[in-house]
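Quick note: the coordinates plus some simple rules give every number you see, no bench work behind them. Computed from a prediction, not measured in an experiment: that's the story for all the values here. Reconstructed Cβ throughout: ideal geometry from the backbone, glycine too, with neighbour counts over all protein chains shown.
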Amino acid sequence: MYKVGRVNNAHLLNQFTIPVEVLPISSVLANFINFLFGLVAMLPVFIFFNIQVLPFLLLLPLALFLHLIFTIGLSLFLSSLNVNFRDVTHLLGVGLMFWFWLTPIFYSLDMVPEPFRWLCRLNPLTYYIIIYRDILFEARISNLSVIAIAFLLAIVMLFIGYIFFIKFEPSFTKRR
């Protein structure tokens with residue numbers, strides 16, 4: 001299994017002249033393609049149970065693109081940290097499990113008691129899930145504020161991830 005920022009791929013950086021960013025981005029894109037295959041397989045189910053979702057599917061590429069940009073930024077950030085701090089790999093599994101349960105995937109934000117909703121709102125993935133849920137389940141357009149926050153999160157995460165990646169890039173080929 002390929003892990004984010006896999007250190008044992010350092011030999012590829014020494015053998016070929018490729019941009020270093022290709023390794024984490026290719027991993028994200030490969031998983032994104034797998035996600036798209038699953039989504040395409042599920043779309044008939046969404047259409048069958050709610051035909052009104054059909055016109056809103058035109059908004060789905062926007063949500064997918066914003067989510068992809070956010071994920072690329074996160075991957076660049078985590079892979080650059082992993083090269084210098086090897087424990088990131090081990091902590092990532094636990095962290096992602098915790099993050100999964102804080103993300104309103106199997107429950108809606110309305111199901112969370114009001115005093116604890118701020119925890120979900122701090123979670124950047126919440127906004128992407130809200131957009132997906134509005135399009136696929138509710139057959140509506142998300143609030144403009146939710147879309148704006150998702151857009152800003154994607155841009156900020158890509159910027160932060162790329163800055164960290166560039167900062168740690170000189171040490172990529174040194175560490176194995």
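Quick notes on this one:
- Angle of helix 22-49 to the longest C-alpha principal axis of the chain, folded into 0 to 90 degrees and rounded to 10: 20°.
- Taking chymotrypsin sites (Phe, Trp or Tyr not before Pro) as exposed when DSSP calls them loop and at most 10 other C-beta atoms lie within 10 angstrom, the chain has its longest site-free stretch at 17-105.
- Sites M42 and A148, calculated FRET efficiency, Cβ-Cβ separation with R0 41 Å, nearest 0.05: 0.90
- Kirkwood Rh, Cα atoms: Rg over Rh of the chain: 1.02
- Dimensionless Rg over Rh [region 39-125; C-alpha; Kirkwood]: 1.06
- The angle between the Cα long axis of helix 144-168 and the main principal axis of the chain comes to about 10°, on a 0 to 90 degree scale.
- Between the residues F137, Y162, L66, the greatest Cα displacement towards the positive end of the dipole of the chain, with unit charges on the Cβ of Lys, Arg, Asp and Glu, is found for Y162.
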